[in-house]
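Engineer: Dropping the structure in here first, questions after.
Quick note: the coordinates plus some simple rules give every number you see, no bench work behind them. This is a predicted model, so every value here is computed, not measured. Because the Cβ atoms are built from the backbone with ideal geometry, glycine has one as well, and the counts that use them run over all protein chains shown.
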Amino acid sequence: MSVRSVVAAAVLAASIALPAGPAQAAANPYERGPAPTTASIEATRGSFATATATVARTSSFGGGTIYYPTDTTAGTFGAIAVAPGFTNSQSAVAWLGPRIASQGFVVIIIDTLSVYDYPDARGTQLLAALDYLTGTSSVRTRIDATRLGVMGYSMGGGGALSASRTRSSLQAAVPLAPWHSTKSWSTDKVPTLIFGGENDTTAPVSSHAEPFYTSLPSTIDKAYLELNNATHSAPTSANVTIAKYSISWLKRFIDNDTRYDQFLCPAPSGTAIQEYRDTCPHA
């Protein structure tokens, strides 16, 4: 072999042996905001400034308020629809709007067509609100329609479970003190974090949140967080524990942001948490 051939072969071998460069290390395109810390997800506001837009009542849901990041340089955001509980208006869970939106999501908190609507009707309205957000809303260009989730309180939490069972393409669900007459959710395929309250007498965890969690298939990502000494009304006022773990769950599964795994796995603990169950490690 000539000297030239030997050199060429060496160059070729070296190029094959070179490790993959940064361009080949695919970063998560859905990460929004700086690396999280305990302080950042416990804060009353995240890194994004937010604005609001009022939504009029429609034939599909009772209107509501959109909370959205004003930043137009970070790319599109995931979106979440939130439903209040039986006899409640959107004001009952309004604190969640700016808190979650400022972490890098578009959030719509809805009013239901009737304050007496049962969970399945609330679930249908949550999906209608998401369709409105991604279809004709004033913020539709800010939203990635493939990254959507649902939340809800009490019968709205039951509605979040119902919506998840209906639309398996959702990326995350967070029922808060959920109430539903259906106890088995074995066909649900959506990553779900359920909050219950130790002292909830309206939707006792023993007959609602716990069996809901247990019935969810073990093949999905799921978690159950029981708030220490909490009553049914705990989700209706600012709550650090609810915010911290809801944000972590939504970030992890709507944004695919593994930087938030640290807050979910291993299982969190502390004086605010009576019990935590999950399928950690997350898929």
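Engineer: Pairs of alpha-carbon atoms within less than 8 angstrom and 6+ residues apart define the contacts here; what relative contact order does the stretch 33-278 have, in percent?
Structural biologist: 17 percent
Engineer: Note down the relative contact order for the stretch 208-283 as a percent, whole number, built from C-alpha pairs under 8 angstrom at least six residues apart.
Structural biologist: So the answer I get is 42 percent.
Engineer: Near T65, within a Cβ-to-Cβ distance under 15 Å, what is the net charge of the other residues, with Lys and Arg +1 and Asp and Glu -1?
Structural biologist: +1
Engineer: Could I ask something else about it? Could you sort 166-172, 156-162, 245-251 so that the peptide with the highest average Cβ count within 10 Å comes first and the rest follow in order?
Structural biologist: 156-162, 245-251, 166-172
Engineer: Also, quick follow-up: Answer rounded, prolate or oblate for the stretch 136-283, using the Cα gyration tensor with square roots of eigenvalues a ≥ b ≥ c: rounded when a/c is under 1.5, else prolate when a/b is larger than b/c, else oblate.
Structural biologist: rounded
Engineer: For the chain, give the magnitude of the charge dipole about the Cα centre (Cβ charges: +1 Lys/Arg, -1 Asp/Glu; no others), in debye to the nearest 20.
Structural biologist: That gives the chain a dipole magnitude of about 640 debye.
Engineer: Tell me the mean residue ellipticity at 222 nm calculated for the chain from its helices only (DSSP H runs of n ≥ 4, each -39500 (n - 2.57), averaged over every residue, nearest 500).
Structural biologist: About -8000 deg cm²/dmol.
Engineer: When DSSP assigns beta bridges and you keep just the ones with both residues in the chain, what percent turn out antiparallel, to the nearest 5?
Structural biologist: If I count the DSSP bridges inside the chain, around 40 percent turn out antiparallel.
Engineer: Starting at the first residue of the stretch 240-252, write each ³J(HN,Hα) from the Karplus equation 6.51 cos²θ - 1.76 cosθ + 1.60 with θ = phi - 60°, in whole Hz, x for Gly and Pro.
Structural biologist: 4, 5, 4, 4, 4, 7, 5, 4, 4, 5, 5, 5, 5
Engineer: In whole angstrom, how long is each semi-axis of the equivalent ellipsoid of the chain, when you take the square root of 5 times every eigenvalue of its Cα gyration tensor and sort them from largest down?
Structural biologist: They are 39, 22, 17 Å, listed from largest to smallest.
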